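Everything on this sheet refers to the single structure shown next.
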Amino acid sequence: MSTTHARPDRHGAQPARRWRRRAVAAVIALGLVGAACGSDDDGDTASSDADSTAASGTTGATDTTTAGGTSGSTATGASTSEGTTGGAGGDIRVAVVLPSAANDLAFSQSMADSLTRMQENGLIAEFAMSENMFVVEDAAAAIRDYASQGYDLVLAHGSQYGASLEEIAPDFPEVAFAWGTAADTFGLDNVSGYTAASDEGGYVMGVMAAMLRGEGSLGVVGPIEVGDAKLYVDAFNAGATAQDPEVEVGVNYIESFSDTALAAEAATSFVEGGATVLTGSAQMTVGAVGVAKDRDVLWFGTNSNQTQLAPDVVVVNQVYKWDVVLADLVAGIADGQLGGETYEINLDNGGEVMEFNDAYDLPDDVRQKADETIAGIVDGTIDTGAGG
Amino acid sequence: MSDFFTASVLVATVASGVRLSTPYLLAALGETFAQRSGVLNLGVDGVMLLGAFFGYWTVLTHDNLVAGLLVGAAVGAVMGLVYAIVTLLFHAEQGISGIGIYLFGLGFSELMYRQQVGTPLPIRGLGEVEIPLLADIPYIGEMLFRHSGIVYLAIVLVPLMAWVINRTQFGLNVRSVGETPDAADSLGVSVRRTRAVTIVVANALAGLGGAALALELGTFQQNLTNGLGFIAIALVYFGAWRPTGVLVGSLLFGLVTAVVNQWKTLGILSGSTASLATMAPALLTVLALAVIARRNSAQPAALTLPFQRGR
Amino acid sequence: MILTLGASPIDGFSALVDGAFGGRKELADTAIKAMPLLLVGTGICISFRARVINIGGEGQIVAGALVSTVTALAVPDLPAVVLIPAVLLAGVVGGGIWGAIPGALKAYLGVNEILSTIMLNIVAVQVMNYLLRDPLIDPAEIERGTRIPQTERLSPNADFPILLGGTRLHLGVVVAVVAAVAAWVFLWRSTTGYRLRAVGAGRDAARYAGIPVERMTLLALTASGSMCGLAGAVLVFGSESHRLVTDGSSTGFTGSAGFNGIVAALFGALHPLLTIPAAVLFGGLLVGANAMQRAIQIPASLAIAMNGLVVVFVVASVSIRQRLRIRLDDQAMLRLRSASHRRRGDALGATRTGMETEP
């Protein structure tokens, strides 16, 4: 501990210089520590950034260009076009803006995975990704940047991006845009919309849940009551009630797409109120799945395959596979049609796939009922109650 | 509404409230300690995030819950050291440097998470520890005595901290440094050393609170705390810088959140009223404080003022 | 850190600088990013000069955005010459109210401003969510049944004009700079500003000299809030979408400007004019970091961590300026004391001589 303190009336470079040196030394030390942490297992201590001027202050807003990296955290080099089947879209370059992380086991991951598959199969040349774009204005800037960089197809994967897209798309008539989940193309012929008929899987899972619940109730943890989350929740409710009119279905929209703790609390409340089956939509459901796992309560997942989060209690997942939509979009572009259509993934076209968890021992009659329900929805005999 | 007023629901709600309040309590107790010595630490949320991530990661890789909590506290202590250097040696403006720590914690925890883990892999959650005998008391037993160990730890810290502050020599140093640092200094108390200790302890507690949160939830996510640390700071003011007051504030906040949650579960609240209700805890806290109208006289006089001998 | 991920730091930094300042478009993007930082930072300068800690920036931005949005929805047909100033004014009012609440609570009820500003942040977000989902929602959304929480496309008369063809640079930049200059004038060239700074230098001494400390506290938070509210209006009407839209959090709309602005003010040593280059620099870092990731393909979170390090560095380096400021504040306080000794009982307006110094 220093014993001298600069007195206010002493004007001199000395104290200031001493502090300056200390400041620089401290920062170098911090830089080394930070570098060591960042490089972790490598054991390298990269050069310290005593004067590091690089920063990204918008907490969470990120931008990654990966050619096919699924886990999202490490980037590979330039794009490689693998796969022998070139196809009509073989040289289409795609860019996507995602509202959360590409490995969030939810909405964003579903699109990232689809694009990866497309690229591995040679159906598109390469794709670029901007993740964690929850700041709408940053996403808008990214969309505009991608368009001006000459990507053939720019995907705005989030309903909050639509308003910005409406303004940007007219500036780039030779670029194809698509956004979801939404059905509006703004009357522009270079904008497409894509939706997920999440109500279909939701209905099926509601039916199953009602059969599997025993004496307990069902609990649904939702984000905000909009879009495909609302479709899913409503249909789950409808399916459960159709199967068993006595069933109690509790719904809690926690008003956030990201508050994991609150989702967990909502799930806990349900369980303590007698729920034996839980489900939910959007990325904060990770918290709810954790509760399901701890309390041995069944979980029905949507958006992505969430089995690995709770291998013993996950029954089935409605996985979004956007490949069919992407294929249509790409084919259209190759033909010169840049937009004006809306696409939907559903149980029929393979865009929504019910992936059952093999580790969970599903009774045969439930499985049969599920298959019947799926068939009924596909051929139109069952109405999930969604607007259409 | 009648659904709500059944015994089992009420009991579950209170239990939930107690559980929810734990991270707030831990962080707020730490902040109280630091502020009593005259240091404002706004970086709590960032430190909590760091503690949460490293605690989570420890459990993920070593499957040891206690280690996870300890690592969280240790990480917090390290950040406390950093903040102590910045504040005590460099006399940086505390309000602003605290926000810097917050931003750093927010970004770094996310970086490490994405680098080292990526997907929200689940970890073992904290198990319940039943206190024998007491846990069997009807109603109260379930409300208070069937929680995970960290909840008990947090509650025990309240009288412990009160005792340290009010009945030990060190506590006396802390208080005098916070009220009249010049006088303390002239009496031979090392202002810097006292404050350094409180800062490190405060941040260690924040790190512990973050780890507790992550372990309670059994997962990690970017910005897991979602502003929890800031609320904890606010609770210090609510509690008039006394550990018991902070306990009351944390419980109030936790309980109101639990009640709102329960009402949503039961369907009492839905639609647009639900989103308004989500702000109930925040509003109530401000209202409560305004109504009680505690003057700032309880505030440590030297709060946020850097100490310089001879000033 | 960059090295460990297999890329060249030199390429990285050059990509960053290029991305931030390399061309017209890049400079425009930097300026756009800097605007809310500057406004919030200016507000922070004002409040911190009075030693009032305002961390309610996020909520005040939202409040200003809401009031200005409502204004545009209410009178969409006013000509741009009237409507634009109107929405700006509305932003000032909205943010000002949101700052005045904690200000009044602190000044007259002794409620600590950290508590109230934090709580009001939470309240503001929920109010915004509620409004965007019901009263203010785009009627087209209701028709379509999608109910995306956003307003309708706001009146084109309120669009901020683009200043530089081919870029997105809009009027907001002028607004921000004017606000910063106005704040400087206020703080150092007006009586009230002088009083405000006096309160910041020493409450008791100021009170002894006859300054109405409570009113100054209220003013500090209100003014600070107004700046943030102005940022909110700028964010809405300069945006791509020309609507108020978010994802349910305040950050989705503000981009954390409420917190980043504090750091910008720190860069600018709590001086509004210095905050201008500070905000530009910070905005450039934000924009350039994104460009750097695109160029050398390192994961984005790395930039976030570097941001943290930068902040810590800046925080440490502020020590020098801080010591300067303390020294000057001491001098100011000494003069204030002697001035009030000499002029006990007189109106304070005449004792301006001692406090004219600018850091």
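Computed over chain B, the per-residue total of -39500 (n - 2.57) for DSSP H runs of n ≥ 4 gives a 222 nm mean residue ellipticity of -23000 deg cm²/dmol, rounded to 500. Here the accessible area of the stretch C:13-299 is 67 percent carbon and sulfur, with a 1.4 angstrom probe and all protein chains present.
Once a ≥ b ≥ c are taken as the square roots of the eigenvalues of the Cα gyration tensor of chain B, is the result rounded (a/c under 1.5), prolate (a/b larger than b/c) or oblate (a/b not larger than b/c)?
Values: a/c = 1.74, a/b = 1.39, b/c = 1.24.
It is prolate, given that a/c is not under 1.5 and a/b is the larger ratio.
Where a ≥ b ≥ c are the square roots of the eigenvalues of the C-alpha gyration tensor, would you call the stretch C:13-299 rounded, which needs a/c under 1.5, or, failing that, prolate if a/b is larger than b/c, or oblate? In terms of gyration-tensor shape, oblate. Among the GluC sites (Glu not before Pro) found in the stretch A:178-244, those both in a DSSP coil and sparsely packed, with 11 or fewer other Cβ atoms within 10 Å of their Cβ, are A:E215. By the rule of a C-alpha distance below 21 Å, with chain neighbours fewer than 8 residues away ignored, the lysines paired with C:K33 are C:K25. Helix B:243-265 and the long axis of chain B differ in direction by around 30°, with both axes built from C-alpha atoms. Relative to the longest principal axis of the Cα atoms of chain B, the long axis of helix B:44-62 lies at roughly 60 degrees. Taking 26 Å as the straight-line reach from the Cα of A:K230, the lysines in range (excluding those fewer than 8 positions away in the same chain) are A:K293, A:K321, A:K369, B:K264. A straight line joining the Cα centroids of the stretch C:105-120 and the stretch A:316-388 runs 52 Å. Look at the dipole of the stretch B:1-152 built from charges on Cβ: of B:L20, B:L49, B:L111, the Cα furthest out on the positive end belongs to B:L111.
A simple charge model with +1 on the Cβ of Lys and Arg, -1 on the Cβ of Asp and Glu and nothing else charged puts the dipole of the stretch C:13-299 at about 820 debye relative to its Cα centre. Peptide A:263-273 shows a mean partner chain C-beta count of 6 within 10 Å per residue C-beta.
Just to check, using Stokes-Einstein with a Kirkwood Rh over alpha carbon pairs, what's the diffusion coefficient of the stretch B:19-91 at 25 °C and 0.890 mPa s in µm²/s? Translational D for this selection: 188 µm²/s. Could you give the accessible area per residue of chain B, probe 1.4 Å, as a whole number in Å²? Solvent-accessible surface per residue comes out at 33 Å².
Using a 1.4 angstrom probe on protein heavy atoms only, the contact between C and A buries about 5400 square angstrom of accessible area, both sides summed.
Solvent-accessible surface (1.4 Å probe) assigned to C:S190 amounts to roughly 30 Å². Averaging the Cα positions of each part gives two centres, and for the stretch B:223-274 and the stretch C:169-241 these lie 32 Å apart. Surface calculation, 1.4 Å probe, protein heavy atoms: C:F160 sits at approximately 10 Å² accessible.
In the stretch C:185-267, which chymotrypsin sites (Phe, Trp or Tyr not before Pro) fall in coil by DSSP and have 14 or fewer other Cβ atoms within 10 Å? Passing both the DSSP loop test and the Cβ count: no residue. Our summary gives chain B a relative contact order of 37 percent, counting only alpha carbon pairs under 8 angstrom and 6 or more residues apart.
What angle, in degrees between 0 and 90 and rounded to the nearest 10, separates the Cα long axis of helix B:149-167 from the longest principal axis of the Cα atoms of chain B? With both axes taken from Cα atoms, the answer is about 30 degrees. Sorting C:R243, B:R146, C:R24 by accessible area puts them as C:R24, B:R146, C:R243; the probe is 1.4 Å, largest comes first, and only protein heavy atoms count. For the stretch B:12-32, a drop of 10 Å² or more in accessible area on going from the chain alone to the assembled protein chains (1.4 Å probe) is found at B:A12, B:S16, B:R19, B:L20. Can you classify the stretch C:34-188 as rounded, prolate or oblate using the Cα gyration tensor, where a ≥ b ≥ c are the square roots of its eigenvalues, rounded means a/c under 1.5, and otherwise it's prolate if a/b beats b/c and oblate if not? Oblate, since a/c reaches 1.5 and b/c is not below a/b. Ligands, DNA and RNA left out, the accessible area of the stretch A:188-259 computed with a 1.4 Å probe is 44% carbon and sulfur. Across the stretch C:13-299, the relative contact order, built from alpha-carbon pairs under 8 Å that are at least six residues apart, equals 41 percent. Taking every protein chain into account, the 1.4 Å probe leaves A:I254 with about 0 Å² of accessible area, to the nearest ten.
The values are calculated or read from the model by the stated rules, or taken from the named source; none is laboratory data. Here the structure is a predicted model, which is why all the values come from computation and not from measurement. Counting neighbours? That spans all protein chains shown, and the Cβs are built from the backbone with ideal geometry, glycine included. Surface accessibility is based on the protein's heavy atoms, side chains included, excluding ligands, DNA and RNA. Shrake-Rupley method; radii C 1.70, N 1.55, O 1.52, S 1.80 Å.
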